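The values are calculated or read from the model by the stated rules, or taken from the named source; none is laboratory data. Quick caveat, the model's predicted, so the values are computed rather than measured. Here Cβ is always computed from backbone atoms with ideal geometry, including for glycine, and neighbour counts include all displayed protein chains. SASA here: full protein model, heavy atoms, side chains in, ligands and nucleic acids out. Shrake-Rupley method; radii C 1.70, N 1.55, O 1.52, S 1.80 Å.
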Amino acid sequence: MLLLGVVVSVQGVLASIIYSLIGLAVFVAGFYVIRLIMPFDVHKELEADQNTAVGIVIGSFIIGLAIIVAAAISG
């Protein structure tokens, strides 16, 4: 199939959707694990207290997890 001048296969699109769903599931599970590990309420620290350090830690965790998921997908 030709879409915007790029050859697109149904199998490639399906694989991309499956990998995206698996990646999202890993992110959600990872975020719940990090919330369980932290000795304080992450939501309260981020939203109510506006703790920048906790935001940096959560952001770093998300970036690290994204690197791991990308490496797993690429082989």
- Task: Report, by residue number, each residue of the stretch 8-42 that is over 18 Å from the mean Cα position of the chain (by Cα) and more than 28 Å from residue 74 (Cβ to Cβ).
- Result: 38, 39, 40, 41
- Pairs with Cβ under 6 Å, 6+ apart, first in the stretch 54-75 and at negative phi and in contact (Cβ under 8 Å) with a residue 40 or more places away in the chain, second in a helix (DSSP H, G or I) and open to solvent by less than 80 Å² (accessible area, probe 1.4 Å): 69/23; 69/26
- Message: Going by what's in this entry, would residue 69 be described as surrounded by 11 or more Cβ atoms within 10 Å (Cβ to Cβ), at pLDDT below 85 and touching a helix residue (DSSP H, G or I) at 6+ places or on another chain (Cβ under 7 Å)?
- Response: yes
- Got at least one residue in the stretch 28-42 being in a helix (DSSP H, G or I), of a type in the set (Val, Ile, Thr) and touching a residue at least 24 places away in the same chain (Cβ under 8 Å)? yes
- Return only the number of the condition from (1) open to solvent by 70 Å² or more (accessible area, probe 1.4 Å); (2) at pLDDT 85 or above; (3) assigned to a helix (DSSP H, G or I); (4) not aliphatic (A, V, I, L, M) that residue 47 does not satisfy. (2)
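Among the residues of the stretch 12-21, write down those that are of a type outside the set (Gly, Ala, Ser) and more than 11 Å from residue 70 (Cα to Cα).
Correct list: 13, 14, 17, 18, 21.
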